[in-house]
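Data first, discussion second: the structure below is written as structure tokens.
What follows draws every value from the coordinates through simple rules; no lab data is involved. Predicted, not measured: the structure shown is a model, and the values here were computed from it. Methodologically, a virtual Cβ is constructed for each residue, glycine included, from the backbone with ideal geometry; neighbour enumeration extends over all protein chains shown.
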Amino acid sequence: MNKRECLKWVSAFALAMGLSSAVLAAETPATLAGTKVVGAAEAKKLLDSGATAIDTRVAAEYAEKTIKGAKSVPYKEKSAKEVGFDASQDQFDLSKLPADKAAPMVLFCNAGECWKSYKGSTVAVKAGYTKVYWFRGGLPEWVAAGLPTQ
């Protein structure tokens, strides 16, 4: 391979790596101020004691499979997938959350690189909700634990 072909391959590889890293979103943080991060077992206990499960994923995902009894409140995001996101770019219908801002609710999505429940939890806390539980592991953790879905 001559120098020109080598340079061409190196450039193509660098471009591909740059594009792939731009497409991959960052993982959500492990904590979220104003909320309590819970796992599947604690989320189940909360729901069994009357907390509301809020599925922040898109309606089609909710229709396919969700936590049994969950309410669909899609978080429509256009903002960056980062801690300092601009919620004014997004849509989240707070009127679909419990009317009582002291009522416990568990927000979830698809975990990992899905930021919808992180953002929804952030918006709920800023709106004055005081018992926000962020189920970071979301539906994948729930299903892996063999918990009930609909």
Problem set entry | Alpha-carbon centroid distance for the pair the range 32-82 / the range 123-150, whole angstrom | 4
Problem set entry | Listed peptides 132-144, 47-59 by packing density, highest first (mean Cβ within 10 Å) | 132-144, 47-59
Problem set entry | Per-peptide average of other Cβ atoms within 10 Å, ordering 32-42, 117-127, 77-87 highest first | 117-127, 32-42, 77-87
